[in-house]
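The values are calculated or read from the model by the stated rules, or taken from the named source; none is laboratory data. None of the values given here were measured: they were computed from a predicted structure. We place every Cβ from the backbone using ideal geometry, glycine too, and count neighbours over all the protein chains shown.
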Amino acid sequence: MLRPWAAHWFTAVLLCRAVARYSSDQCSWRGSGLSHESHRRDVEQVYLRCSQGSLEWLYPTGAIFVNLRPNTEPSSGHVAALHVCIKPHAHSQGAHVYLEHNGDLRMLLAEKDQAQGTVRCFRLAEGALFVEAVPQADISRRITAFQYELVSSQGPGAHLYPYLHPGLVACKPCSDDEVLMAVCTSDFAGSGVFQSVASGTNDHSPAAVTLSRLFRQKSRVFARGGARGRGWGGRINVPAQCSVQPGGDEYLLTGAVHFGNAWLGCAPRYKDFQKLYARAQMAGTNPCEIDTD
């Protein structure tokens, strides 16, 4: 239900003057409350058209609406599958973050919770972000800042991303078609072995891996020089429900990169993937060409 004070904000959206003094592009926004400190009831509209980016609001006063959209013209089914995930910076303070839809506000991140870097997700169709400054006598040194990503709940390995499915992640094998698609479309794909698994949270644990092959990667999450200086080394977040045996078989490792970290997706044994790929290549059904040897 719309709180009584919030009605004044939505009226202000229609009445506020053009006060924006900020640098903005399609992906990120940076603004300052000092540009309209004398008009603390002003509400600014921010439009971002990217799959990922950031927002930084210095000396927050008033409020801002953040409208997020993909940078393509997706089908209606694709939009329904899109979620927005936001991760506050450790230094973020000075504002509460709400989800607004048809006048209703739902708290996503209170100011006091942002230092923990907790990720919050919601369906894109659920509304826009409403970022409201917390009244302060002194707004110096206060910055509200977070990263955002548009994440699909469909596709290979999407069911393993715990922020979309808190408490519901279950390890289940990917289908043959999902594995073939994952090696072609994932943020990273390669073959390697698990070296060790560290203690993590109830949702996931970071696993050190060494890759002997690297078909693709995003954001350079794997660096040259794995174990004994060979291949590529890095870490992958593995759902807690998935059993990982360090030093065992070689696996095809695919997955997504979220907020700079790698998350495991489809991961069959590599020798099984080689057989699957060979069959698909002979049938002409493989969605892309890679060198499996």
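Taking Arg220, is it out of contact with any Gly (no Cβ under 7 Å at 6 or more places or on another chain) and surrounded by fewer than 20 Cβ atoms within 10 Å (Cβ to Cβ)?
Values: out of contact with any Gly (no Cβ under 7 Å at 6 or more places or on another chain): yes; surrounded by fewer than 20 Cβ atoms within 10 Å (Cβ to Cβ): yes.
Judged against the criteria, Arg220 is a match.
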**OP:** Return only the number of the condition from (1) at pLDDT 90 or above; (2) not assigned by TED's automatic domain parsing to the domain that holds Leu55 that Tyr163 does not satisfy.
**Re:** (1)
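Condition check ((1) among the aliphatic types (A, V, I, L, M); (2) more than 29 Å from Glu149 (Cα to Cα); (3) outside the structural domain of Phe222 (by TED's automatic domain parsing)) across all residues:
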site	(1), (2), (3)
Arg235	no, no, no
Ala240	yes, no, no
Asp272	no, yes, no
Ala278	yes, yes, no
Glu289	no, no, yes
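Picking from Val209, Val197, which residue would you name as being closer than 17 Å to Glu250 by Cβ, surrounded by 14 or more Cβ atoms within 10 Å (Cβ to Cβ), hydrophobic (A, V, I, L, M, F, W, C) and at pLDDT below 90?
Val197
Please indicate, with yes or no, whether at least one residue in the range 114-121 is part of a loop (DSSP other than H, G, I, E, B) and under 24 Å from Gln26 (Cβ atoms).
At the first step, the residues of the range 114-121 found to be part of a loop (DSSP other than H, G, I, E, B) are 117-119.
Applying the additional criterion that residues be under 24 Å from Gln26 (Cβ atoms) yields 119.
Yes - at least one qualifying residue is present in the range 114-121.
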